[in-house]
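The values are calculated or read from the model by the stated rules, or taken from the named source; none is laboratory data. Source: prediction; values computed, not measured. Methodologically, a virtual Cβ is constructed for each residue, glycine included, from the backbone with ideal geometry; neighbour enumeration extends over all protein chains shown.
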Amino acid sequence: MRIPQSMWSLETLGRQRLSKYFYMREFLYSEIANFHRLQNIPDDPDLTLANGRAFCEALLDPLEETFGRVAVRSGYRSASLNTFGNENRLNCARNDYPQECHIWDRGTGEEAIAGASIALPWFAEQYEKGRDWRDLAYWIHDHLPYSELWFFPKLCAFNISWRPTPWRMISSYMAPRGTLVRRGEDPPESLVERQQRYADFPVFRGLCLFGG
C-alpha cells in the first residue's frame with residue numbers, strides 16, 4: 001500500500017482489517033493531532049498494517065473475546081506526531097525510547113513493535129470500586145504473549161505492546177508504583193497466588209493460552 005496522498009487513500013487505509021474485531025481506522029484517531037491540527041499518517045503503511053495485525057490478533061482480540069469491548073485510548077502515532085508530543089510534554093515518550101510502542105512502522109524483524117493505550121470497561125468498573133490493578137496485570141501475564149504493560153490511574157487504562165519476542169515487563173503509575181515484573185524475571189507472586197486474584201474473571205476465550 002502506498003503512502004496515502006488523499007483523503008480517499010487515507011480512507012482506504014482506515015478500512016484495512018487488522019483482526020477479527022479491529023480495523024486500522026480506530027487506531028488513527030489522535031487528540032494531540034486533532035487539537036494541534038497535525039496529521040497522523042503512517043510513513044510505511046504496509047509495515048504499520050503488518051505489525052498492527054500481529055498486535056491485534058495476539059493481544060486485543062483475546063481481550064475482547066474474554067472481557068467484551070476494548071476501548072482504545074491512544075493507538076498508532078506517526079514518528080513526527082510522536083516527536084511533537086514528546087517535545088511539548090504531551091505524555092509521549094521519545095521516538096528512540098525502547099518501550100515506545102505507538103510508532104508501529106519503526107522496526108522490522110526482532111525490532112518490530114506495536115501497541116496501544118487501552119481500557120477495559122469490564123475491569124474499569126471494578127477498579128473504581130477499589131479493585132487492585134494487579135489482578136488484571138497478572139491475568140494478562142498468565143494468559144497472553146504481551147511484551148510490556150504500563151498501568152495508569154485513570155480508568156485503570158494501560159499500555160500493552162507486542163513484539164516478536166516478548167519482554168514480559170509490567171510497570172505501573174499506581175501503588176505499588178514502579179516495576180512489578182522485570183524483563184527475564186518471574187512475578188513476585190506464585191502462580192497459585194496470582195490465580196486466586198482473578199478467580200472470578202470471565203473464562204478465557206482467546207485463540208491460544210500463553211503459559212507462564
Next on the checklist: Anything in the stretch 88-135 that is in a strand (DSSP E or B) and of a type in the set (Val, Ile, Thr)? List them, or say none.
Outcome noted: ILE118
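If you scan the stretch 88-113, which residues turn out to be touching a residue at least 60 places away in the same chain (Cβ under 8 Å), buried (at least 20 other Cβ atoms within 10 Å of the Cβ) and touching a strand residue (DSSP E or B) at 6+ places or on another chain (Cβ under 7 Å)? Walk me through how you get there before you give the answer.
Of the stretch 88-113, the ones touching a residue at least 60 places away in the same chain (Cβ under 8 Å) are 92, 99, 101, 104-105, 108, 112-113.
Narrowing the set further to residues that are buried (at least 20 other Cβ atoms within 10 Å of the Cβ) leaves 92, 101, 104-105, 113.
Once the filter is applied, which keeps residues that are touching a residue at least 60 places away in the same chain (Cβ under 8 Å), buried (at least 20 other Cβ atoms within 10 Å of the Cβ) and touching a strand residue (DSSP E or B) at 6+ places or on another chain (Cβ under 7 Å), the stretch 88-113 yields CYS101, TRP104, ILE113.
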Item to check | Residue list for the stretch 136-166, filter: in a loop (DSSP other than H, G, I, E, B) and either charged (D, E, K, R) or modelled with pLDDT under 95 (or both) | outcome: ARG163
Item to check | Evaluation of ARG183 against (1) in contact with a Lys or Arg (Cβ under 7 Å, 6 or more places away or on another chain); (2) without any contact (Cβ under 8 Å) to a residue 40 or more places away in the chain; (3) under 20 Å from ARG69 (Cα atoms) (one fails), failing number | outcome: (3)
Next on the checklist: I want to confirm something. Restricting to the stretch 123-165 and keeping residues that are touching a residue at least 60 places away in the same chain (Cβ under 8 Å) and of a type in the set (Phe, Trp, Tyr), which single residue is surrounded by the fewest Cβ atoms within 10 Å (Cβ to Cβ)?
Outcome noted: TRP139
Item to check | Residues that are surrounded by 20 or more Cβ atoms within 10 Å (Cβ to Cβ) and part of a loop (DSSP other than H, G, I, E, B), drawn from the stretch 41-68 | outcome: PRO42
Checklist outcome for this item: By residue number, the members of the stretch 189-207 that are free of Cβ contacts under 8 Å to residues at least 60 places away in the same chain and either in contact with a Pro (Cβ under 8 Å, 6 or more places away or on another chain) or loosely packed, with under 12 Cβ neighbours inside 10 Å (or both) are SER190, VAL192, GLU193, ARG194, ALA199, ASP200
Next on the checklist: Taking the criterion of being without any contact (Cβ under 8 Å) to a residue 12 or more places away in the chain, more than 21 Å from PHE151 (Cβ to Cβ) and among the polar types (S, T, N, Q), would at least one residue in the stretch 28-38 satisfy it?
Outcome noted: yes
Checklist outcome for this item: Subset of the stretch 72-87, residues in a helix (DSSP H, G or I) and surrounded by fewer than 20 Cβ atoms within 10 Å (Cβ to Cβ), comes to ALA79, SER80, THR83, PHE84, ASN86, GLU87
